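Scroll down for the structure; my scribbles are underneath it.
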2 protein chains.
Amino acid sequence: MMSDKAPDLIVHNSSLVVTMAGSAPRRGAEQGEIAAVADAAVAITGDRIAEVGPEKRVLDSADRHTRLIDVDGRMILPGYIDAHTHPVYGGDRTDEFIARLRGADYEDIHAAGGGIQATVRATRELSVSRLVEEARPRLARMMSNGVTTFEAKSGYGLDVPSELRQLQAIRELDQSGPWELVPTFMGAHTLPDEFKDDRAGYIELVVEKMLPQVEALDLADFCDVFCERGAFDVDESREILEAGKRHGLTPRVHADELSPSGGTKLGVEVGARSVDHLPFIDDESVELLADSDTTAILLPATTFFLMKDRYAPGRRLVDAGVIVAVASDHNPGSSHTLSLERALELAVMRCGLSVEEALAAVTINAAYALEHQGRLGSLEPGKQADLIITDVTRPEQLIYGWGVNHITGVIKRGKMINRRRHRLQHRQHKESRGFSHLFGD
Amino acid sequence: MMSDKAPDLIVHNSSLVVTMAGSAPRRGAEQGEIAAVADAAVAITGDRIAEVGPEKRVLDSADRHTRLIDVDGRMILPGYIDAHTHPVYGGDRTDEFIARLRGADYEDIHAAGGGIQATVRATRELSVSRLVEEARPRLARMMSNGVTTFEAKSGYGLDVPSELRQLQAIRELDQSGPWELVPTFMGAHTLPDEFKDDRAGYIELVVEKMLPQVEALDLADFCDVFCERGAFDVDESREILEAGKRHGLTPRVHADELSPSGGTKLGVEVGARSVDHLPFIDDESVELLADSDTTAILLPATTFFLMKDRYAPGRRLVDAGVIVAVASDHNPGSSHTLSLERALELAVMRCGLSVEEALAAVTINAAYALEHQGRLGSLEPGKQADLIITDVTRPEQLIYGWGVNHITGVIKRGKMINRRRHRLQHRQHKESRGFSHLFGD
């Protein structure tokens, strides 16, 4: 398992390293099998995991050049992967949020030309470098909450140059790090104002103009569609996703979010890598998903922020044998949080996943949803060294102690990105060291 | 407004200083009037506010000894006051939480001798100094999330020495700061195991043994009772609260949380300073409260964590003219979060308060609920200099950007307790300064 060379870095003195080693993806009863090593350390060589094993054995592989990071008993996890985000956009929608607090409905706002359209107007104003600049603090905040890899969608341009600028911004953000972004083209997010009386014309624009350029510039891995009343129906969505496939893009679908849209069935039919949202998924769609290799991505932070009560039926999906992931859906309208941890809590406390299932949903299964399960999502020799250090010692404490940021350190491609000092919240054996060093959360 | 002496500290360059100046408490339409000064600064002399006013005028009062803190455009608020917490206890109840996730009911766990009783067993094991040591990181984390003053209850001892130890720990925590604690005696949290067949015997212990010692040692300002099926009924609660009054303690009541317990009516009858929880409050109780000087303290983080759907009717209470506060209810069983910000979000997104009403609910009205509205809860000349620096520029953004810690600096009694560097999330005019300094949340 170990290379001849001593590791560059050893992260050690962890009460529990959750590895997620084993099946990729997890489904059914396996979704809750997180795989973990107690009293362990992680050895890293370059940007790769060299070994995960018992503290002493791993430390024995160090030489005098090996850097050591003592995590003081804390639990280590694979870096979180946020498999559904819209982080590149202009403007904000605080006023729309206030209107919703006063009773306005999200779909009505959308139909009246607000909502996504408002973000489209603000996004079209921005250059690639401004888009990058606006997105950077968002990604930084999300990374400080544990996310090391993001899926990132276009869909706030809705004309050829603006969609390309969004995808170019995503590429530039990926290349300038310290995070990693997986790009999705979503020209079919909604109909732009100028095409509101010409649905066929906009779909033609997406299919004939946008997709060829996205392929030519190699700007995306996936093609996503918002299959929903008020956006694109099943036939329109199919046309776009099939065209995307011809241009080398794997389908994803925003499905069954606000109504039973048929999006899940379409997703399975076209071989989508994921169908996302799902509060209104029907029984037949659950069965179809269970028999497919398509991931169900739950986005409970959206349900919470839209102040709805109907969450996606996570428990039922896992029990049926569906591959389940969880993501933040960060966007300026329907899910404006920068914390994947909140989505994780809601997946457990409102969608019925166990803590272990939810952790698989933001690591190995999220990696699978992005087609990177061979490189990301678990801590195994040879995989990329993306890992996070928590302030707890057991997985359950991440949710039991809900509402705060439990991530105290982030390592991406073998490099420590940030480190925050916190005394262990649930420590058993250590003496107090006062409290002044505890601040900074 | 200004003293002759130049201020010791000026916190300046704030786009908006929310002062909460004016009525204390706020009720009805006034609850949403937060009072604020744009492009402002706060001058502090010793532990007191000297002035809040326009940037230039306040800066003109500086001399060469005045320390300046530039908040880079961010909004400043009065320090949050968490008017209902149980932060001093032993053990944790992760396993009970897991059982609840699997379908166990909180009241059933309580009836079976788990729940509060489990914490009582663990708390009785601990000395005052161990209780202090266990509580400190909790308070530090809560303070880093904006809380500068805590109400803190006993109620996990339930025998004379253990209740006194809890209150002594609260006193020691208050004196060793940097926060401030307001102590509440809650011997009537539940019946301890050894009295489960002798309700009258336990009430006699509370009334005849505990209360006289609490008074003699001057260990509490308030006396609280859990008035609920499975705990104490209305007559028992009245007996204890009236006895508390004879010993100088103002009543508070855990009321109408899990059933219509009659606790609110009792609270108004005995002149309680607050009635807390309230998901099951009835119409008559709302009217009684509106005609009283008793505060309604909403604890929506508890409803969330108990995975219930019925939140306290905050909108209705404000509209009826009730004085409304919001608190975290931090405790190891029913509300194990260390973030008052999560309670604030739920007060807005689930209880129907406006953002401004919710901010009054954790500042001036929370100060009133603790009988400290003359000294705490607003930024006005002469009041204690407890203030927090956010990472946003408008109150709405605290909730629109839900799920993270928006507090970047805490000043308690005129002293900077901690400072976290974050670029403004919603800035309009500044150039990027890269992102490496953004981490640390």
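The values are calculated or read from the model by the stated rules, or taken from the named source; none is laboratory data. All figures in this text were calculated on a predicted structure; none of them were measured in a lab. Reconstructed Cβ throughout: ideal geometry from the backbone, glycine too, with neighbour counts over all protein chains shown. SASA here: full protein model, heavy atoms, side chains in, ligands and nucleic acids out. Shrake-Rupley method; radii C 1.70, N 1.55, O 1.52, S 1.80 Å.
Select from region A:29-71 the residues that are touching a Lys or Arg at 6+ places or on another chain (Cβ under 8 Å) and open to solvent by 30 Å² or more (accessible area, probe 1.4 Å) and list them in ascending order.
A:GLU33, A:THR45, A:ASP47, A:ARG48
Can you tell me how many residues within region A:36-65 are in a strand (DSSP E or B) and touching a strand residue (DSSP E or B) at 6+ places or on another chain (Cβ under 7 Å)?
First, pick out the residues of region A:36-65 that are in a strand (DSSP E or B): A:36-45, A:48-54.
From what's left, touching a strand residue (DSSP E or B) at 6+ places or on another chain (Cβ under 7 Å): A:36-44, A:48-54.
Counting residues in region A:36-65 that are in a strand (DSSP E or B) and touching a strand residue (DSSP E or B) at 6+ places or on another chain (Cβ under 7 Å) gives 16.
Could you check region A:352-394 and list, in sequence order, the residues that are farther than 16 Å from A:VAL410 by Cα, within 12 Å of another protein chain (Cβ to nearest Cβ) and either open to solvent by 10 Å² or more (accessible area, probe 1.4 Å) or among the β-branched types (Val, Ile, Thr) (or both)?
Passing the criteria: A:GLY352, A:SER354, A:VAL355, A:GLU356, A:GLU357, A:THR393, A:ARG394.
Which strands (runs of 3 or more DSSP E) sit wholly inside region B:180-257 and have at least 1 residues that are in the same structural domain as B:ASP276 (by TED's automatic domain parsing) and more than 22 Å from B:TYR368 (Cα to Cα)?
Working: elements: B:180-188, B:222-226, B:250-255.
Qualifying strands (runs of 3 or more DSSP E): B:180-188.
Looking at B:LEU131 and the list (1) assigned by TED's automatic domain parsing to the domain that holds B:LYS412; (2) buried (at least 21 other Cβ atoms within 10 Å of the Cβ), which single condition is not satisfied?
B:LEU131 satisfies every listed condition except (1).
Checking B:MET75 against (1) assigned by TED's automatic domain parsing to the domain that holds B:LEU298; (2) open to solvent by less than 10 Å² (accessible area, probe 1.4 Å); (3) at pLDDT 95 or above, only one condition comes out false. Which one?
The number of the failed condition is (1).
If A:THR149 meets every condition in (1) within 14 Å of A:TYR89 (Cβ to Cβ); (2) open to solvent by less than 10 Å² (accessible area, probe 1.4 Å) apart from one, which number is that one?
Single failed check for A:THR149: (1).
I need the full set of residues from region B:7-22 which are farther than 19 Å from B:TYR80 by Cβ and either out of contact with any strand residue (DSSP E or B) (no Cβ under 8 Å at 6 or more places or on another chain) or not aliphatic (A, V, I, L, M) (or both), in order please.
Pass one, region B:7-22, residues farther than 19 Å from B:TYR80 by Cβ: B:7-10, B:12-13, B:15.
B:PRO7, B:ASP8, B:HIS12, B:ASN13, B:SER15 - these are the residues of region B:7-22 that are farther than 19 Å from B:TYR80 by Cβ and either out of contact with any strand residue (DSSP E or B) (no Cβ under 8 Å at 6 or more places or on another chain) or not aliphatic (A, V, I, L, M) (or both).
Only one residue in A:LEU398, A:LEU353 is at pLDDT 95 or above and not in a loop (DSSP other than H, G, I, E, B). Which one? Steps first, answer last, please.
On the way: A:LEU353 fails: not in a loop (DSSP other than H, G, I, E, B).
Only one candidate qualifies: A:LEU398.
Testing A:ILE323 on (1) open to solvent by less than 10 Å² (accessible area, probe 1.4 Å); (2) outside the structural domain of A:ILE116 (by TED's automatic domain parsing), one condition comes back false. Which one is that?
(2)
In region A:189-212, is there at least one residue being of a type in the set (S, T, N, Q) and crowded, with 19+ Cβ neighbours inside 10 Å? Before you say what the answer is, go through the steps one by one.
To start, the set of residues in region A:189-212 that are of a type in the set (S, T, N, Q) comprises A:190.
Still in the list and also crowded, with 19+ Cβ neighbours inside 10 Å: A:190.
Looking for residues that are of a type in the set (S, T, N, Q) and crowded, with 19+ Cβ neighbours inside 10 Å, one finds at least one in region A:189-212, hence yes.
Can you tell me which of (1) surrounded by fewer than 16 Cβ atoms within 10 Å (Cβ to Cβ); (2) at pLDDT 95 or above is the one A:ILE81 doesn't meet?
(1)
Within 17 Å of the chain's Cα centre (by Cα), small (Gly, Ala, Ser) and in a loop (DSSP other than H, G, I, E, B) - does that describe any residue in region B:377-386?
Yes; the residues of region B:377-386 include at least one that is within 17 Å of the chain's Cα centre (by Cα), small (Gly, Ala, Ser) and in a loop (DSSP other than H, G, I, E, B).
Considering only region B:406-422, state which residues are under 18 Å from the mean Cα position of the chain (by Cα) and open to solvent by less than 10 Å² (accessible area, probe 1.4 Å). Talk me through it step by step, then tell me what you get.
In the first step, residues of region B:406-422 are kept if they are under 18 Å from the mean Cα position of the chain (by Cα); the result is B:406-407, B:410-413.
Correct list: B:HIS406, B:ILE407, B:VAL410, B:ILE411, B:LYS412.
Give the number of residues within region B:285-313 that are assigned to a loop (DSSP other than H, G, I, E, B) and within 14 Å of chain A (Cβ to nearest Cβ). Let's see the steps before the verdict.
Applying the first criterion (assigned to a loop (DSSP other than H, G, I, E, B)) to region B:285-313 yields B:291-294, B:299, B:306-313.
Next, only the ones that are within 14 Å of chain A (Cβ to nearest Cβ) stay: B:299, B:306-311.
Count: 7.
From B:ALA104, B:ALA122, which residue is more than 23 Å from the chain's Cα centre (by Cα), open to solvent by 20 Å² or more (accessible area, probe 1.4 Å) and either closer than 19 Å to B:LEU205 by Cβ or modelled with pLDDT of 95 or more (or both)?
Values: B:ALA104 fails: either closer than 19 Å to B:LEU205 by Cβ or modelled with pLDDT of 95 or more (or both).
Unique residue meeting the criteria: B:ALA122.
List, please: which pairs have Cβ atoms under 9 Å, are six or more places apart or on different chains, and start with a residue in region B:141-158 that is farther than 15 Å from B:ARG252 by Cα and more than 12 Å from chain A (Cβ to nearest Cβ) and end with one that is open to solvent by 10 Å² or more (accessible area, probe 1.4 Å) and among the basic types (Lys, Arg)?
Going by the 9 Å Cβ cut-off, the qualifying pairs are B:THR148/B:ARG413; B:TYR156/B:ARG124; B:GLY157/B:ARG124; B:GLY157/B:ARG165; B:LEU158/B:ARG124.
Name the helices (runs of 4 or more DSSP H) wholly within region A:77-137 that hold at least 1 residues that are away from chain B (no Cβ under 13 Å) and closer than 30 Å to A:THR294 by Cα?
Values: elements: A:94-101, A:106-111, A:116-124.
Because the criterion is at least 1 residues that are away from chain B (no Cβ under 13 Å) and closer than 30 Å to A:THR294 by Cα, the helices (runs of 4 or more DSSP H) in region A:77-137 that meet it are A:106-111, A:116-124.
Which numbered condition trips up B:PRO260, out of (1) buried (at least 19 other Cβ atoms within 10 Å of the Cβ); (2) in a loop (DSSP other than H, G, I, E, B)?
Here B:PRO260 meets the rest and fails (1).
What number of residues in region B:66-76 are in a loop (DSSP other than H, G, I, E, B) and among the β-branched types (Val, Ile, Thr)? Please lay out each step first, then the result.
Residues of region B:66-76 in a loop (DSSP other than H, G, I, E, B): B:66, B:74-75.
Pick out the ones that are also among the β-branched types (Val, Ile, Thr) and you get B:66.
The qualifying residues number 1.
Sort out which residues of region A:218-229 are farther than 17 Å from A:ALA152 by Cα and either at pLDDT 95 or above or open to solvent by 60 Å² or more (accessible area, probe 1.4 Å) (or both), and write them in order of number.
To start, the set of residues in region A:218-229 that are farther than 17 Å from A:ALA152 by Cα comprises A:227-229.
Matches in region A:218-229: A:CYS227, A:ARG229.
Check region A:393-403 and report whether any residue there is touching a Gly at 6+ places or on another chain (Cβ under 7 Å) and not assigned by TED's automatic domain parsing to the domain that holds A:GLY271. Walk me through how you get there before you give the answer.
Filtering region A:393-403 for residues touching a Gly at 6+ places or on another chain (Cβ under 7 Å) gives A:393.
Pick out the ones that are also not assigned by TED's automatic domain parsing to the domain that holds A:GLY271 and you get A:393.
Checking region A:393-403: at least one residue is touching a Gly at 6+ places or on another chain (Cβ under 7 Å) and not assigned by TED's automatic domain parsing to the domain that holds A:GLY271.
Results for (1) under 20 Å from B:TRP402 (Cα atoms); (2) surrounded by fewer than 23 Cβ atoms within 10 Å (Cβ to Cβ); (3) touching a residue at least 40 places away in the same chain (Cβ under 8 Å), shown as yes or no for each residue.
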residue: B:LEU317; (1), (2), (3): no, no, no
residue: B:ALA327; (1), (2), (3): yes, no, yes
residue: B:PRO332; (1), (2), (3): no, no, yes
residue: B:LEU338; (1), (2), (3): yes, no, yes
residue: B:GLU341; (1), (2), (3): yes, no, yes
residue: B:LEU344; (1), (2), (3): yes, no, yes
residue: B:VAL348; (1), (2), (3): yes, no, yes
